[in-house]
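In what follows, a structure is listed as structure tokens, so that the remarks can point back to it.
The values are calculated or read from the model by the stated rules, or taken from the named source; none is laboratory data. Keep in mind it's a predicted model, so treat the numbers as computed, not measured. Positions of Cβ are backbone-derived with ideal geometry, glycine not excepted, and every protein chain shown enters the neighbour counts.
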Amino acid sequence: MRALSPGLNAALLSGVTTLCQCWRVYRRDGLAFGFTDHDRDLLLGDVLCRARSGLTAGQLESALGLSVPSSEVAGALSDDGLTESDLSGGAFDGASIETWMVDWSNVDQRVLIDVCVFGEVRRTEQSFQVEIRGVAHQFNQEKGRVYQSSCSANLGDQACSIDVSSSQYSSVGIVRTIGNQTTLTVEIGACASDWFSSGQLIGLSGLAAGVAVLIRDHEQNGLIATLRLWGAGDGAFKVGDQVRLVVGCDKHFSTCKSKFSNQINFRGCPHIPGNVFCSLMPINRR
């Protein structure tokens, strides 16, 4: 039960309300941002909540227990608010967001509705949608080691130990053609098809500098690599851009052994019985 101030309680009981929603966002680097769905800026404490962000919020759904409350906030990308480069660069990943109900005629009359964190971000050309996750989502995160057939390490991390920056596992090339937003060709050194499947395409020059996109599959024809991407890279890649291709791994034991000769660091249980094995086991009925 939330305790309302006498002034806010009186405003709610008056029948004529002057309420709006405000959000205060605190990034992990300490920067704070404010937004509101009101038609003018509001100063909430020491954070200015801007109105021209076009921010709107969906319905907050929550339940008893440890289920994760979820909501969604949508808004416009702008230099004064959440920019495309900040979102794609992960600057807002894990940011804390406070949701306030505020009497815009007297901002001192307000109540904190919820404190959540940024979840999945979906972007279009001029706008974004952010999934807002309740703090209970932390209980859904993996703790300790899970027994599974695939590798739990990420390619190149400390547990894996593979140096993906070496010339053996990455290549620098030039974008030659762009078929559509998710298909392009890159001129690189000779290699086998599928070598860069499940890997990364990283921009090194132009507007794409620093942009990283996952590679869906890779087909090699001579010195030309045809890549299909999982994302569009926000249209940043252009013909003539210099890019780096980083090798991919599907986390299977056979790949770890044949492609990387790194089976000693495989972080999975490839011989663990699966569902098919269990379904074939005889059932002893008495």
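When L207 is tested against (1) modelled with pLDDT of 90 or more; (2) in contact with a Lys or Arg (Cβ under 9 Å, 6 or more places away or on another chain); (3) more than 23 Å from Q158 (Cα to Cα), just one condition goes unmet, and that condition is (1). Taking the conditions exactly as written (in a strand (DSSP E or B) and under 26 Å from the mean Cα position of the chain (by Cα)), does L201 satisfy them or not? When the stated conditions are applied, L201 passes them.
Residues in the stretch 160-203 that are modelled with pLDDT under 90 and in contact with a helix residue (DSSP H, G or I) (Cβ under 7 Å, 6 or more places away or on another chain): 1 in all.
So that you can scan it fast, the table gives a plain yes or no per residue for (1) at pLDDT 85 or above; (2) of a type in the set (F, W, Y); (3) surrounded by 12 or more Cβ atoms within 10 Å (Cβ to Cβ); (4) not assigned by TED's automatic domain parsing to the domain that holds E131:
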{"position": "G15", "(1), (2), (3), (4)": "no, no, no, no"}
{"position": "Y26", "(1), (2), (3), (4)": "yes, yes, yes, no"}
{"position": "A32", "(1), (2), (3), (4)": "yes, no, yes, no"}
{"position": "D37", "(1), (2), (3), (4)": "no, no, yes, no"}
{"position": "V47", "(1), (2), (3), (4)": "yes, no, yes, no"}
{"position": "S67", "(1), (2), (3), (4)": "no, no, yes, no"}
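For the stretch 247-268, a residue qualifies if it is under 16 Å from A192 (Cβ atoms) and either in a loop (DSSP other than H, G, I, E, B) or touching a strand residue (DSSP E or B) at 6+ places or on another chain (Cβ under 6 Å) (or both), and the qualifying residues are V247, G248, C249, D250, S261.
Selection over the stretch 168-212 of residues that are closer than 16 Å to K259 by Cβ and small (G, A, S) gives a count of 7.
Rundown of residues vs (1) out of contact with any helix residue (DSSP H, G or I) (no Cβ under 7 Å at 6 or more places or on another chain); (2) among the β-branched types (V, I, T), yes/no style:
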site	(1), (2)
V211	no, yes
D217	yes, no
A225	yes, no
A236	no, no
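Scanning the stretch 227-246 for residues that are surrounded by fewer than 17 Cβ atoms within 10 Å (Cβ to Cβ) and assigned to a strand (DSSP E or B) returns R228, Q242. Within the stretch 192-231, the set of residues being hydrophobic (A, V, I, L, M, F, W, C) and more than 18 Å from Q242 (Cα to Cα) comprises A192, W195, W230.
Inside the stretch 90-120, residues that are within 19 Å of S5 (Cα to Cα) and either not assigned by TED's automatic domain parsing to the domain that holds L44 or not in a strand (DSSP E or B) (or both) make up a count of 6.
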